[in-house]
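The values are calculated or read from the model by the stated rules, or taken from the named source; none is laboratory data. Just so you know, these numbers come straight off a predicted model, no measurement behind them. Because the Cβ atoms are built from the backbone with ideal geometry, glycine has one as well, and the counts that use them run over all protein chains shown. With ligands, DNA and RNA removed, areas are computed over all heavy atoms of the protein, side chains included. Shrake-Rupley method; radii C 1.70, N 1.55, O 1.52, S 1.80 Å.
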Amino acid sequence: MATAKSAGQDRVSSAIRDAATKDSAEVLQQLGTAPAGLTDEEASARFERYGPNEVAAEKHYSWVHRLWTAALNPLVILLSVLAIISFATAQETSDVVGGFVMVAMVVLGLSLRFVQETRADNAAAKLKAMISVTATVMRGGQPREIQLKELVPGDVVKLSAGDMIPADVRLLTTKDLFVIQATLTGESMPVEKSDARDARQGISPIEYGNVCFLGTSVESGAATAVAVATGAQTYFGTMARSLAGQQIETSFDKGIKKFTWLMIRFMMVMVPLVFVINGFTKHDWKGAFLFALSVAVGLTPEMLPMIVSVCLSKGALAMSRKKVIVKRLNSIQNFGAMDVLCTDKTGTLTIDHVILEIHCDVFKNESQEVLRDAYLISHFQTGLKNVLDRAVLKYSELHGELGVEKITKVDEIPFDFSRRMMSVVVEGADGKRQMLTKGAPEAVFKKCTHFESDGEIFPMEPILVGNLIEQVNDLSEDGFRVLAVANKLVGSQPAYTKADEEGLVLTGYLAFLDPPKETASKAITALRQHGITVKVLTGDNDLVTRKVCREVGINADKILLGSEVEPMTDDQLADAVEKTDVYARLSPSHKKRIVVALQRKGHVLGFMGDGINDAPALRAADVGISVDNAVDIAKESADVILLEKNLMVLEEGVLEGRKVFVNILKYIRMGASSAFGNMFSVLGASALLPYLPMNPIQVLTNNLLYDFSQVPIPTDNVGQQQIAKPRPWQIGEIARFIMFIGPISSIFDYTTYAMMWWVFKCGQFTISPELASKFGAEAPNHTSAAALFHTGWFVESVMTQTLIIHVIRTNLMPFIQSRASWQLTLTTIVIMLVSAVLPYSPLAGYLGLVPLPPLFWPLLVLTLLCYLGLTQLIKMWLIRKSWI
C-alpha cells in the first residue's frame, strides 16, 4: 500500500485519502476486488504480501532476544558490573571466588527469569488464543467469519451494530450507519457515515464521511465496506499504537518501580558510607572497597523481576482454571485492589434468558397480531439480535403460519440510542407494503396517532397516552421489560428514513421477563464481604432495574437517571456517586463519566460490560472486565475476560488476583526490611570492629543463600484474612513495615556481635590452640578471631533472614495458625542446614569460615526464638494499629 503521509498531527494512508474522493466502483477497481470479495487464492497471496492485520501484535521473540531483554534489567547490570570490578581488583583467591559468586547470582537470576517468563509467554499465548475476535468478509461471493489478523486489503467486509471496524475501510453501501470514533477524537457521540463520494479539500482524514478507521466501532446500522489499509498501514499503525496494543502503566508497575528505586537509594547512601567508614577505621581501602561492593550486592533485590513474573504467570494460570482469562498480566493487581465493581444488569444479575410472557393489545388482552408483527421485525432486522429478539423468534411455528418465505423485506431503519426504536418495511404476497415498528414505549407513543383494538382503529387521545404510560409502568414494576409495537401501511418508494416513522398505529405491547440469577444475591453478598461494593449501571429503565436490584440485595431506594447525570458538573457527580448504587437509562458517555467520578473519589474501579455502549467505560476503568461472548469492541477494550458471565466467577478471580499481590508483597516486605536492618548492622559493625564484620565472599554467599530461600514464594499459601479486603498498592504501608520490622534484625545482630566479642573472645586477634580445642575445632597453631566472628555472624544472619520469612509471610501466628507451602518450608530447612554445615565443609577454607564452638548453637537457638518472638509482637502491634 502507499506510504503514510502527515496531515498535521493526523497520519493516514494516502490510499485512504484517494479512496474517499472516488466512487465505490473506482475504489474496487483500484484495489483489484469486487462486491463478491476476493478468492481464497488471491486473499492468501495478499496475506503473504501485506502480512497479518495487526498493529500491536504480541511478538514472539527468539530465546536469544528474550535472554537479552532479561539481561538489560538494571539490577542484573549492577551485579554484572560489580562482578567485573571484583575480578579486576582481585589479588587473593577469595576475591576471585567472590566474583564467581556474583556471576552465579547473575546466572541464577537470569535463568530463573528466562525460564519463568518463557512459560508465562507461552501460557499467555494459549489463554489469548481462547479469545477470538473475528470479521465477516465476502470470499468468493460467500460471507465468511475470519480472524481479524487474516483480513487483507481488498477484502469486502460486512458491518453491523457492535462490530469493531477491522481495518481502515471505504464504505460501499450503508444503512443508517453510526460509528463511535471516541478512540480517535475523544468525542463520545456517534458519527453518521455514508457511502457517498467525499471530495472535500483541506479536512482531517477523520472527518471523511465515507471512511472508517481501525479501532472505532459500529454503534448502529449496517454497511458493506472494502478494506483499504491493514496492519501497520492503518491510521493507528502509522501512529504506532492501536486499541488492542495500547499499554498503560498500571499502579502495580508504578509501585514496583518505586520499590526498586527505594532499594537503589538505600545503596547510594549506604555503600559509600560503608566504604569510607571501613577505609578510615581499618586502613585497608582495597578491603573496604570489596566489602562495600558486596554490601551493594546484598542490598540488590535481584530476585524481584523473577518473583513478579512467576507470581503473575502462576496467578494468570490459576485464574484461567476458574474461567477468568487475563489479557494483561499487570492488571491482576488492579483486579485484586478493586473496591467498586460497576456492572450491567442484564445477564449479570439476571439469567440473560428472556422469556416473552405477554403479547397484548393496549387493553392488556392477548393479541396474536402483536406477536406476528414482532416476529417479522425480529426475523428481518439485520442488526444484532438481542435477547428480546431471540425470545420472540422462539415462536418458530409463526414462520410457517405467516408464510415468511412469501414476504419480502424492502428496507430497514435500524435501532439507534437516540430514537430508541427501529422499523422494517415488508411487502406481502399481495404487493402491499407495511412499516412495522418496535421500541421503547414512550418513544413509540410519540410517533403514534392512532391505536388498534379488536381490528378497529381509534385516535390516540392525550388522556389515553397517560393511561398507556401507567400500564407500562405497572408491568415494569412487576419486573417486565416492555416494548411497544406499531405499524402502518406505506406506499412504494426507493428508500425509507426516520422521517417516515410518523403517523403510526399502536397495536400493543410485548412484555419480557428476565428473572434474577439464583447465584446473583449470593455473589453480591460474597463480594460485599470481600470489601467490594457493587454498583449497577444500565441503559434499562429504572422501574425494572429497581425490582431486580432489590431482589438480589442491592440498595435501589435512590436511582440516578441519565437525564439527571447529564446536567451535573464533574464535582457534583463525584459527590453523587458515593451515595448512589444504581443508575438507569444511561448512555455510553454517562457510564464513562460515572466511572471517572468514582476514580476521582479514590476508588479502584472495575467495570464489567459486554455491549457496544460499554466500551468507553471499559477503557476508563482501572480494570475492564468483559465476557467471551461479548461484542468485539468490548473484548478488545477489556483487561480481563470471563468465560462465564457470572459474578461468582468474578469473585473467584478477584481472590486469585489478591493472592498474587500478597505473594509479591511478601518478597518486597522481606527484601526491604532485611536491607533496612542490614544497613544499621553493617554501619555499626564497620565503625566498632577492628576488622571487617564479614568478608566480601561471605556477604555474597549469605545473599545467594537468602535468594534461594525466597524462590518458592510464588507457591506459598495465602491466608483468607490476607485476601478478605481489597489490596491496593500502599508505599506508606511498606515504609512503616520497613521502619518497624527492619531494625529488629539489627538488635539481634548486635547481640550476636556481643556474644562473639565477649563470650567467644573475638576481641583478640588470635585464639590460642587451647581455647580453640575447647571450641571443638581442630585448629593449626591458632584460629583467627576475625574468622570466628565472621563465621558466627554469617550463620546467624543466614538463619535469621531465612526463618523470619515465616513471620513476615502471614498476619497470623507462624507455624501454628498459618503454615507456608511445602516448597517454601523445604527450602527454609535446606538453606538453614547448609548454613550450619558450611563451616565444617571442604568449602569452609574458600569462604573464610571456621568451625564454631558447641556453646554457639544453643545461644543461636535462643537468639532465633527471641528474634521470632519480638518480630511477631511488633507485627501484631502494627496490625492492631491498622498500619499494615
> Cα gyration tensor of the stretch 503-629, axes a ≥ b ≥ c as square roots of the eigenvalues: rounded (a/c below 1.5), prolate (a/b > b/c) or oblate?
Replying inline: oblate
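Rank-order 687-695, 808-816 by packing density, defined as the average count of other C-beta atoms within 10 Å over each peptide's residues, highest first. List each step's numbers first, then the result.
Details: 687-695: 20.3, 808-816: 16.9.
Result, highest mean first: 687-695, 808-816.
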> Could you give the length gained on full extension between Y846 and K547, defined as 0.36 nm per residue of separation minus the Cα-Cα distance, in nm?
Replying inline: 99.9 nm
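Using only alpha carbon pairs under 8 Å that are at least six residues apart, calculate the relative contact order of the stretch 567-630 and give it in whole percent.
Relative contact order, the stretch 567-630: 30 percent.
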> Given H placed 1.01 Å from N in the peptide plane, which residues other than close sequence neighbours of A820 have an amide H under 5 Å from its amide H?
Replying inline: F815
> How much FRET efficiency would the formula 1/(1 + (r/R0)^6) give for K432 and V465, where r is the Cβ-Cβ distance and R0 is 30 Å, rounded to 0.05?
Replying inline: 0.55
> Hey, what number do you get for the chain at 222 nm if only DSSP H runs of n ≥ 4 count, each worth -39500 (n - 2.57), divided across all residues, to the nearest 500?
Replying inline: -15500 deg cm²/dmol
>> Can you work out the Karplus-derived ³J(HN,Hα) for every residue in the stretch 598-603? Use 6.51 cos²θ - 1.76 cosθ + 1.60 with θ = phi - 60°, whole Hz, and x for glycine or proline.
In response: 5, 5, 4, 8, x, 7
>> For a Förster distance of 35 Å, can you work out the FRET efficiency between the beta-carbons of Y395 and A25, rounded to the nearest 0.05?
In response: 0.25
> What full-extension length gain, to one decimal in nm, is calculated for Q817 and T569 as 0.36 nm per residue of separation minus the Cα-Cα distance?
Replying inline: 84.2 nm
> Which whole-number percentage describes the relative contact order of the stretch 287-445, with Cα contacts under 8 Å and a sequence gap of 6 or more?
Replying inline: 12
> Radius of gyration and Dmax for the stretch 798-861's Cα atoms, expressed in Å?
Replying inline: 14.3, 42
> How big is the Kirkwood radius of the chain, worked out from every pair of different alpha carbons and given in Å to one decimal?
Replying inline: 31.8
>> Whole-Hz ³J(HN,Hα) for each residue in the stretch 473-488, computed from phi via Karplus 6.51 cos²θ - 1.76 cosθ + 1.60 with θ = phi - 60°, x for glycine and proline: what do you get?
In response: 4, 4, 5, 5, 5, 8, x, 8, 9, 10, 10, 9, 10, 9, 8, 6
> Between K761 and L489, 0.36 nm times their residue separation minus their Cα-Cα distance comes to what?
Replying inline: 86.9 nm
>> For Cα pairs less than 8 Å apart in space and 6+ apart in sequence, what is the mean separation divided by the residue count of the chain, i.e. the relative contact order in percent?
In response: 13
>> Would any residue of the stretch 669-712 have its amide N under 12 Å from a label point 7 Å out along Cα→Cβ of T281? List them or say none.
In response: 680-694
>> Quick check: the angle from helix 368-380's long axis to the longest principal axis of the chain, C-alpha only, nearest 10 degrees?
In response: 60
>> Leaving out ligands, DNA and RNA, and with a 1.4 Å probe, what % of the accessible surface on the chain is carbon or sulfur?
In response: 58
> Per residue and in cubic angstrom, what volume does the convex hull of the Cα atoms of the stretch 564-624 have?
Replying inline: 77
> Using 7 Å Cα-to-Cβ label points, what is the E733/R200 separation (nm, one decimal)?
Replying inline: 5.3
> For the stretch 383-533, with every protein chain kept in place, what is the accessible area per residue (1.4 Å probe, Å²)?
Replying inline: 47
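Which FRET efficiency value, to the nearest 0.05, is calculated for W877 and V269 with the Förster distance at 25 angstrom and r the Cβ-Cβ distance?
0.35
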> Ranked highest first by average number of other Cβ atoms within 10 Å, how do 660-669, 436-445, 484-493 line up?
Replying inline: 660-669, 436-445, 484-493
> If each of K257 and L870 carries a label point 7 Å out from its Cα toward its Cβ, how far apart are those two points in nm?
Replying inline: 3.8
